[in-house]
Amino acid sequence: MSYNLLKGKKGIIFGALDEKSIAWKTAIRCHEEGAGIVLSNAPVALRMGEINKLSEQINAPVIGADVVNMEDLNNLFIKSMEHFGGKIDFVLHSIGMGLNVRKGKHYTEMNYEWNHKTLDISAMSLHRVLRTAWDLDAINDWGSVLALTYIAAQRVFPDYNEMADAKALLESITRSFGYHYGDKKKVRVNTISQSPTKTTAGSGVKGFDGFVNYAEKMSPLGNATAEDCANFCVVMFSDMTRMVTMQNLFHDGGFSFTGVTQGVIEMMEK
Ligand SMILES: NC(=O)c1ccc[n+]([C@@H]2O[C@H](COP(=O)([O-])OP(=O)(O)OC[C@H]3O[C@@H](n4cnc5c(N)ncnc54)[C@H](O)[C@@H]3O)[C@@H](O)[C@H]2O)c1
């Protein structure tokens, strides 16, 4: 169902890799709500070709950008403004990459070069995106920028490894840049802290299925799906949330504030 919440708005969506991606579902929902979209992903992801299906489905051009390359980002924002014939209203940063996680290095044995890249791709990239938009004055007043995060930024989930530190940095940049962008240009910046979700990035975490099942049992509403997350993104891009900024918003069925559930107690009593 569409409520026309984003009628006439224009946005850049980073990170749609395949149909499972949170960014993919969000792009579809934003399109259904009336927004014009530019899709972006790293050149290596574009070579997979999946994104072309989405591009056709929602009539959105694809402009490649490695999110750690400032020239790529500059080109993306300039081309997007040319495409739309003006400034944009929203950005979704749906990007994550843990090199130590991917290569199976334990947190205590971290390779620091890989870690440097992890922090750059997964966290500093939000600063890079905001800085590019800021320098080009590319976002309309009351625009909305969202990045996706995970509760391992606040509490320990051992197998989430270096990504926990990356998410803590991402959330800090959200507050720090959010202050300046709000103060100078009335642009808001927030993170959504999503339930574990079966996607390519999610499934890269060791013991992921255990993670998902545990979170499901520990959440009064159950885990939030990628589709639920897409709906939340729509609301956060809309004018209904104009005064929300610099926040980390838990979107996890209540997991973050639950100490224990009846289901878990019953499991422990067995
Ligand atoms: N899946 C989960 O359980 C979960 C939970 C909470 C938060 N998140 C976050 O949601 C976001 C989206 O992840 P997803 O689960 O949809 O997985 P996904 O694998 O579909 O998306 C990750 C995206 O990051 C992109 N990316 C990686 N390196 C890049 C680079 N250098 N430049 C540009 N793009 C790059 C990938 O190409 C991919 O499209 C990530 O920030 C992730 O950490 C995921």
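Points worth noting:
- Segment 22-39 residues near the modelled Asn4 label - backbone nitrogen below 19 Å, point 7 Å along Cα→Cβ: 29-37
- Separation in nanometres of the label points that stand 7 Å from Cα toward Cβ, at Trp142 and Glu56: 3.8 nm
- In sequence order, calculated HN-Hα J values of segment 148-164 (Karplus, 6.51, -1.76, 1.60; Hz; x Gly/Pro): 9, 9, 9, 5, 5, 5, 9, 10, 7, 10, x, 6, 6, 6, 5, 5, 4
- Within the shell defined by Cβ-Cβ distances under 15 Å, the residues around Arg131 carry a net charge of -2, with Lys and Arg each +1 and Asp and Glu each -1.
- Ordering of 253-259, 168-174 by burial proxy (mean other Cβ atoms within 10 Å per residue, highest first): 168-174, 253-259
- Farthest toward positive dipole pole in segment 31-135 [+1 Lys/Arg, -1 Asp/Glu at C-beta], among Ser122, Thr108, Ala35: Thr108
- In units of the rule-of-thumb radius 2.2 N^0.38 Å, segment 10-269 shows an alpha carbon radius of gyration of 0.98.
- Taking Met1, Met81 and counting other C-beta atoms within 10 Å, the order from fewest to most: Met1, Met81
- Remark on Ser193: its backbone amide H falls under 5 Å from those of Thr149, Leu249, Phe250, His251, a criterion applied only to residues 5 or more positions apart or on other chains, H modelled at 1.01 Å from N.
- Rounded to whole numbers, the Karplus 3J(HN,Hα) couplings from phi for segment 243-249 are 9, 9, 8, 6, 9, 9, 9 Hz, using 6.51 cos²θ - 1.76 cosθ + 1.60 with θ = phi - 60°, and x at Gly and Pro.
- Over segment 10-269, relative contact order from alpha-carbon pairs under 8 Å, at least 6 apart, %: 19 percent
- The phi torsions of segment 22-39, fed into the Karplus equation with coefficients 6.51, -1.76 and 1.60 and a -60° offset, translate into couplings of 4, 5, 4, 5, 5, 4, 5, 5, 5, 4, 4, 8, x, 7, x, 10, 10, 9 Hz, rounded to whole numbers, with Gly and Pro shown as x.
- Simple label model, 7 Å out from Cα along Cβ direction - Val244 to Tyr112, nm: 4.0 nm
- Using only alpha carbons, segment 1-117 has a radius of gyration to Kirkwood radius ratio (Rg to Rh) of 1.04.
- Put simply, the amide H of Val38, placed in the peptide plane, has neighbours under 5 Å in Gly11, Ile12, Ile13, leaving out anything fewer than 5 places away on its chain.
- Here the dipole of the chain is about 280 debye; that uses its Cα centre as origin and unit charges on the Cβ of Lys and Arg (positive) and Asp and Glu (negative).
- This ranking places Ile51, Ile78 by how few other beta-carbon atoms lie within 10 Å of each, fewest first, which gives Ile78, Ile51.
- Over the Cα atoms of segment 126-170, the radius of gyration divided by the Kirkwood radius equals 1.15; this is the Rg/Rh ratio.
- In this structure, the amide hydrogen of Gly143, modeled 1.01 Å from its nitrogen in the peptide plane, lies closer than 5 angstrom to those of Arg188, counting only residues at least 5 positions away or on a different chain.
- Once the chain from Ser256 to Ile78 is taken as fully extended at 0.36 nm per residue, the excess over their C-alpha distance is 60.2 nm.
Read-outs: derived from the displayed coordinates by stated rules, not from any lab. From a predicted model like this one, the values you see are computed outputs, not experimental measurements. With ideal geometry, Cβ positions are generated from the backbone for all residues, glycine too; neighbour counts draw on all protein chains shown.
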